[in-house]
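Some notes on the structure that comes next.
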Amino acid sequence: MTTHRAPEYSARPGRPVERGVVAGLVLAVGAGLAWIGGMIYTIAGWSG
């Protein structure tokens, strides 16, 4: 008789959500750094 088992996944069920959160944080940090760089560029432009 065949035994029916749930498929085993290599990653935990919460893993895709965690990956999305990390990707969002990375994008947020990148956007923040770009904003700071833009502010420095703008202020340097006013000075010069």
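The values are calculated or read from the model by the stated rules, or taken from the named source; none is laboratory data. Here the structure is a predicted model, which is why all the values come from computation and not from measurement. Virtual Cβ from ideal backbone geometry, glycine too; neighbours counted across all protein chains shown. The protein model used for the area step is the full one, side chains on, heavy atoms only, and it has no ligands, DNA or RNA in it. Shrake-Rupley method; radii C 1.70, N 1.55, O 1.52, S 1.80 Å.
A few points about this structure:
- When Thr42 is tested against (1) at pLDDT 75 or above; (2) of a type in the set (Ser, Thr, Tyr); (3) open to solvent by 90 Å² or more (accessible area, probe 1.4 Å), only condition (3) is not met.
- Residue in the stretch 13-36 that is open to solvent by 100 Å² or more (accessible area, probe 1.4 Å), at pLDDT below 95 and in contact with a helix residue (DSSP H, G or I) (Cβ under 9 Å, 6 or more places away or on another chain) present: no
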